[in-house]
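The values are calculated or read from the model by the stated rules, or taken from the named source; none is laboratory data. Being a predicted model, the structure only gives us computed values, none of them experimental. Ideal geometry is used to build each Cβ from the backbone, glycine not excepted, and the neighbour counts take in all protein chains shown.
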Amino acid sequence: MDEAVERWLSAMLDVEHIEFVTGNEEATSAQSARKQRIEVALLAVAERSERRDIDVSDVRDDDGRVMARQRSLRFFDVDYRVSVTGQARAAHVTLGRLLRALVDVDTIAAEYLPESLGAIDVPIEVGLMPSSSPAQQCHANLGGVGLDLRVLLPVRPSADSEIAPPATALHLDMSPPPDFDGAGSPHADDDATRRFVSERSWTTVRRRESISPRSS
């Protein structure tokens with residue numbers, strides 16, 4: 001996501017360099033006085049639990065065989081602070097260009113996405129962080145003036161390939177019922193028949209047959 005944000009900001013602000021910093025770095029007066037610099041700090045990452053589900057899809061090969069099970073995408077809010085150091089008026093102009101970009105578009109175009117994100121084929125939403133977000137309290141230590149961005153990061157879970165191999169044959173083991181003698185008792189002349197009888201219960205049911213009435 002850092003790479004996507006860096007490419008997108010460089011294009012929107014028409015600058016060559018975006019510097020990523022940690023949230024606890026403080027800008028000195030010397031830094032503020034020198035040439036304008038655009039800094040990006042990661043503030044927070046949180047999952048959008050309302051978009052999480054338990055759906056699972058099959059991953060099949062060219063022959064249609066199931067090779068793995070794939071869970072649904074997970075979505076995370078990634079919050080960044082974009083700060084501009086240097087002369088205040090020039091910094092405001094730069095931030096104005098960023099604000100204009102956020103008004104004109106609400107997704108990061110595919111051309112700015114690295115291959116890993118582009119392969120997911122889901123729009124990467126971008127906008128200003130809600131003012132009520134706790135993450136905004138983190139930017140008090142960051143120098144310069146800035147805007148707080150929220151970017152939606154989709155993450156595809158690793159596919160579960162530990163599945164049983166497909167069946168190649170089906171074997172049915174069927175045993176015939178034991179023979180019955182005229183008295184209605186099964187013959188138990190061999191061990192196989194005795195085992196069969198001992199493992200199963202047999203019920204005698206009278207069979208009704210329609211009999212044509214005799215002609216008088």
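Data table
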quantity	calculated
Test: residue in the range 137-145 that is touching a Lys or Arg at 6+ places or on another chain (Cβ under 9 Å), modelled with pLDDT of 95 or more, in the same structural domain as PHE20 (by TED's automatic domain parsing) and closer than 22 Å to VAL45 by Cα	no
Residues of the range 73-97 that turn out to be surrounded by 18 or more Cβ atoms within 10 Å (Cβ to Cβ) and either free of Cβ contacts under 8 Å to residues at least 12 places away in the same chain or closer than 19 Å to SER131 by Cα (or both), as a count	8
Residue within the range 45-55 that is of a type in the set (A, V, I, L, M, F, W, C), closer than 22 Å to LEU113 by Cα and at pLDDT 90 or above present	yes
Number of the condition not met by GLU111 [criteria: (1) surrounded by 12 or more Cβ atoms within 10 Å (Cβ to Cβ); (2) under 23 Å from PHE20 (Cβ atoms)]	(1)
Meets criteria (modelled with pLDDT under 95 and assigned to a loop (DSSP other than H, G, I, E, B)) for ASP62	yes
Top-ranked residue in the range 54-72 [being touching a strand residue (DSSP E or B) at 6+ places or on another chain (Cβ under 7 Å) and acidic (Asp, Glu); ranked as surrounded by the fewest Cβ atoms within 10 Å (Cβ to Cβ)]	ASP61
